[in-house]
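Starting off with a structure, shown below.
The values are calculated or read from the model by the stated rules, or taken from the named source; none is laboratory data. This one's a predicted model, so the numbers in the text were calculated from it and none came from an experiment. Here the Cβ positions follow ideal geometry from the backbone for every residue, glycine too, while neighbour counts run over all protein chains shown. Areas reflect the complete protein model, heavy atoms only, side chains present, ligands, DNA and RNA absent. Shrake-Rupley method; radii C 1.70, N 1.55, O 1.52, S 1.80 Å.
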Amino acid sequence: ENSRSLTMPSNLLEQVSRYLIVATVTSRWNMTTNYTFNLTKLSFPAPTVFIEGPPVIDKNRTQSLQLVAKGSPSECADADTVLAFRWLVTGQTEAPNGIPLNLAEYPDIQTETDVLNLPPYLLEPSPDLEFNTYNFTVECYVDTEFGDVPERTAYATVTVRVRQSDILLRMSVYDRLITISDILVLDATSSIDPDYPPENDELTFQGTFEFRCLTPAPERAPCFDIQRLLGADMARRMTTPDGFIRIPNSGPFAAAPARRAQASDGFLTKDNMRPCRQDIGSLLYDGGNTYFNPLFDSFDYCEYARGILMIQTVDFAPGKYKFTIRAIHFDGRRAQMDIFIEMVLQRVPKIVLSFQNAPANGKFPVTQEIRIRGTEEGEPTDVPRTYTWQVFVNERNPAYSPEAYEASLNDPENPYTVDEFIFADKTGTLYDINDPAQFESSIASPNLVIRRGTLRPSSDYKIRLNINLASVTGYSEISVKTAGLAPRNGRLEVDPLVGLFSQSRLLNAPNWNADDSPLTYEFGYFDFPPNSAEPTLQALSAAPSQVKTLEVFSIPVGTLDEETGNYSLTLFVRVCTPFEACTVFPQVVVSNPPSEDEIGSVTDDLLSGVGNQSDSDAMNTYDSVLSIAGDNMTVQNSVLDGLENTAIPPDASGMARRMALLAAMVEGGANTEINTAERVMNGLESAVIVSADNDLFNANEGIAESAFSALGGLMPGANELQDFGALGQSISMGSTMGWNRAPSALTPTNILGAQGKSSEAISTAAANRQQVNHPPPTNPTDLSITECPSDFCDKVGLWC
C-alpha cells in the first residue's frame, strides 16, 4: 500500500501466463489516475525491456527526440546476457507527405542500439489534426542465432505525438520614427513557419499577409477607410465593382489619391492591394534590404511582393500610427503583431537594429546576454549626434476599461479605441542604462549589451535607440521577448551518497517546475581539466531528455579530501526549459577508489562488462576506468578499442564525452607511446570532423576545450620537435589563445621526430580525410600552415 514500487518473488507468477497489473495514483483531493502494465511470464529465459520516460511524449517538429531503452538479461543461471536492440516504427496516424516514416531510409539514424536519436525536422505534424501520432517499438533480444527470434524477444512501445509550431512573425524593422514624404516599408518576409523553414533567404513564408493602419490615438480609425473620408453613402456610390474609388474631377476630393475599399476590420488584404509598379533604375534601402523604388501612381499604397507593403506618407499628418500585421499560413495558423510608426516633419537618420545573438525560437532566456547592433542605412553622414537608449515594457493600460469596451460592442458606430496593453517607459525606474551591471552602451555608438539577469522573465520589451541631433531626435526600436524563469524548487537525490566509484547509483531529480514546459534533464559531474581553474560539466547521460531519473553503474573517482580521507565528486542535474533557461543543481557525493592491489582486477571487471552495456553506460565505464588507471597504456588501448567500435555521436552531449575521454588519455600519458598516440590522434581527428560538420563546437564549448587540451598534449613543443618522448603542454580554453608561426615547419618528418614511423603515422591518420576540405598543397614539400581559410585548417599529408 502507498508504495511507488512493487516487488514480487519469481515464483509468485505462473509460467506461460499474461497478467494485467494496475497502478492507481491518488492525490490529496482524491483525484485518481490508473496505469495498466502488461506482464507476460515465459517458460524459458528471455530479456526484459522498457523505455525510459512517459508513455506518451509530445514534441514539435523542430525538436530532436531521444528514446532510451533499458534492457535486462534473464537472471536464469544458464541464460545468455549479451543483449541487442532494434527500433521500429509500428504506427503512424497519417503521412502528410504521403510517405510513412521508414527508419531504414535514414542510414545516419542508428536503429540497432539501446538509444534512438531522431534529428529535428524528421517527424511530421498533421496539417488537419492537433497531433500526428507515431508509435516507436524497441525489440530487445539475446544477441545469438537462437536469441533473435520472436518468442524470445522483449518489446516496449512509446507513443510520440507531433504538433505544429506557432508561426514566428518577424519584421525587417519594428517601431521607428520616419520623416513624412519618406516611403514606409512594412516587410514581413522574414516570417517563418518553424516546422518548415525556408531553404534560403529568397523563399517567403507559405501563406498570406494582411496589414492594417490606424490613425494616432485617441481616434484610432483606419487610415485608408474611404467610407470615413467620404461618408458611407458617397463611398458606396463611388466604389467600382473591383473595389476602386472613383475620384471626382472637381470638389474637395479632386486631388485625393485613388483608394481601394478596406475590409470591414480595416485590414488590407490581397483582395484590396494592388501590386507595385517598380522603377528598376532607382533603389530604395530600408531595414537592411534593397528594393526598387515603387511607383504608386495615384494610390496610397501597393503590394511590392507577398509580405511587403509600401506606403507613401505624403498625406500623413504628424503623429504615432499603429500598424497591425497578420501572417496567415495556408493551413490556418495565424500570428499577429502591432508596431508603431511615428511620422514627423523633420529629417532624421535611419538606423536599423538587429540582434547579434538572436535565439532560434524567438525568446531570450533572462540568463543570456543580449547584444543589439545598430546600422545606419544609406550613405553615412557626419552630422553630429549622440545615442541614448530607453526600455519599454508591455503592460496593461491603466486607462483601459473592460466595461466601456463591452458597451462599445453594441454601438458599432462608436468603437472603443483605448488599447488594452501599452508599452510603458521604464527607463530610470526599473532600468538604468548607465548602470554597468545592467547595460553596456556609449553615447557615441548605436550598440547595446543587456547583461544577464537584467530583464524580467515572460515579458515583452521594446528597446528604443534615440538618435539625438541638434534640432530633432529620431528613434528606432527592436522587440525583445523573454522566456520564463529557469526551473526551480527541485533537488538532486543520489542513492547511495557514499560508496566506491564502481557502485551503482540512482540519480533522481524530483519536484522541478518552470513557467515553460516540457523540461529536460541532463545528469553529470563537475570536471576540472588540466591548466583550467573553471570546471566543465561532463555528462553521465546520453543526452538531455524528459526522464528525471538515471541509473549509473560507475562514476569517476573523486578528489581526495585531506581532512576526511574521502574522495569527493560533485554530481549535477541540469534542468532546462524549451527556451534554454537552465538551472544546474549540484550534489556532492563520495566516490572512493579501490585499494592499490585491487585496481587491476576492478579495472578488468569493469571493462569486461562493457559488452552488456549501452553506448552511454559504456562511456561512463571508460571514464571511470581512466580515473583510476589512466596512465596504463593497456587500459587506454582497451578504451580506444571500445571507442573505435562505437559510432561517433552526432550530438553535442555525446561528442563532449568522447572528446573528454581522448583528452584524459593524453593527460594520462598517451603522448609517450607512439602507437597509442597515433590512435588517439586518429580518434581526435575523426571527432573534430564530425563536430565541424554538425556545428557542435558552438553547441557545447566543452568539445573545443577538450580538443585543444588533447591537441596541446600531442603536439611537440618548440624545443622538443626532435624528441617524441617529451611533448608540449596542453592548451586551456580558459587561457588566451593566439596562433603564431611555428619555429620550424610542421612537416611529417619532424612531427614524430626520429622515431622512424612518421610515414606510417601520416598515412594512417590521413586515411579518412575528406578531399574537398583538404586540398593538396601547391608545393608538395610545403606542408606548413600559414592561413586558416576554413574549419579544416590542415592539408593532406599534415598530421596535425
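Give the long-range amide H neighbours of Phe292: residues separated by 5 or more places, or on another chain, with amide H under 5 Å away, using H modelled in the peptide plane at 1.01 Å from N.
For Phe292, the qualifying residues are Leu284.
How large is the accessible surface of Thr564 in square angstrom, using a 1.4 angstrom probe and rounding to the nearest 10?
90 Å²
On alpha-carbon atoms, Rg over Rh for segment 339-459 using Kirkwood Rh?
Here the Rg-to-Rh quotient is 1.06.
Roll a 1.4 Å probe over the protein chains and send me the accessible area per residue for segment 295-399 in Å².
47 Å²
Given the protein chains as shown and a 1.4 Å probe, how many square angstrom of Glu701 are accessible, to the nearest 10?
Spelled out: Glu701, probe radius 1.4 Å, area about 140 Å².
Of the listed peptides 463-471, 179-187, what is their order by residue-averaged count of other C-beta atoms within 10 Å, with the highest listed first?
Ranked from most to least packed, the peptides come out as 179-187, 463-471.
With Cβ to Cβ distances under 11 Å as the rule, what net charge do the other residues near Asn511 carry (K, R +1; D, E -1)?
My count for the surroundings of Asn511 gives +2.
Further, regarding this structure: Do you know the relative contact order of segment 295-404, to the nearest whole percent, from alpha carbon pairs under 8 angstrom that are 6+ apart?
Here the relative contact order equals 15 percent.
Would you mind giving the three semi-axes, in whole Å and largest first, of the ellipsoid equivalent to segment 515-568 according to its Cα gyration tensor?
27, 15, 11
Another question, then. By accessible area of protein heavy atoms, probe 1.4 Å, what ranking do Leu345, Leu550 get, highest first?
Output order, biggest surface exposure first: Leu345, Leu550.
Moving on. Return the Rg/Rh ratio of segment 597-700 with Cα-based radii and a Kirkwood Rh.
0.97
Compute the projected area of the convex hull of the Cα atoms of segment 349-411, averaged over all viewing directions, and report it in nm² to one decimal place.
Directional mean of the projected Cα hull area for segment 349-411 stands at 9.1 nm².
Can you work out ³J(HN,Hα) from phi for every residue in segment 141-149, in order, using Karplus 6.51 cos²θ - 1.76 cosθ + 1.60 and θ = phi - 60°, giving whole Hz and x for Gly and Pro?
For segment 141-149, the Karplus-derived couplings read 8, 6, 7, 9, 4, 8, x, 8, 9 Hz, x marking Gly and Pro.
Keeping every protein chain present and rolling a 1.4 Å probe, give me the accessible area per residue for segment 38-96 in Å².
That works out to 50 Å² per residue.
Another question, then. Expressed as a whole number of Å, what is the distance separating the alpha-carbon centroids of segment 305-328 and segment 404-464?
Here the two parts' Cα centres lie 21 Å apart.
Taking the radius of gyration and the Kirkwood hydrodynamic radius from Cα positions alone, what is the Rg/Rh ratio for segment 141-185, to two decimal places?
1.70
Just the accessible area for Val16, please: 1.4 Å probe, Å², rounded to the nearest 10?
My reading of the accessible area for Val16 is about 110 Å².
Quick one: what do you get for segment 1-125 if you divide its Cα Rg by 2.2 N^0.38 Å?
Rg over 2.2 N^0.38 Å, computed on Cα atoms: 1.36.
Find the accessible area per residue for segment 118-208; the probe is 1.4 Å, ligands and nucleic acids are left out, and the unit is Å².
For segment 118-208, the solvent-accessible area averages 44 Å² per residue.
Okay, moving on. If I take R0 = 25 Å and measure r between the Cβ atoms of Phe528 and Asp695 in this structure, what FRET efficiency does the formula 1/(1 + (r/R0)^6) give, to the nearest 0.05?
It comes to 0.40.
On to the next question. Please work out how much length the chain gains when fully extended from Thr375 to Ile433, using 0.36 nm per residue of separation minus the C-alpha to C-alpha distance, in nm with one decimal.
Residue separation times 0.36 nm, minus the Cα-Cα distance, leaves 18.9 nm.
Rounded, prolate or oblate for segment 458-549? Axes are the square roots of the Cα gyration tensor eigenvalues, ordered a ≥ b ≥ c, and the cut-off for rounded is a/c under 1.5.
Verdict is prolate for segment 458-549.
Quick one: 3J(HN,Hα) in Hz for segment 468-477, Karplus 6.51/-1.76/1.60 with θ = phi - 60°, rounded, Gly and Pro as x.
Ordered by residue, 3J(HN,Hα) equals 9, 9, 5, 10, 7, 10, x, 8, 9, 10 Hz.
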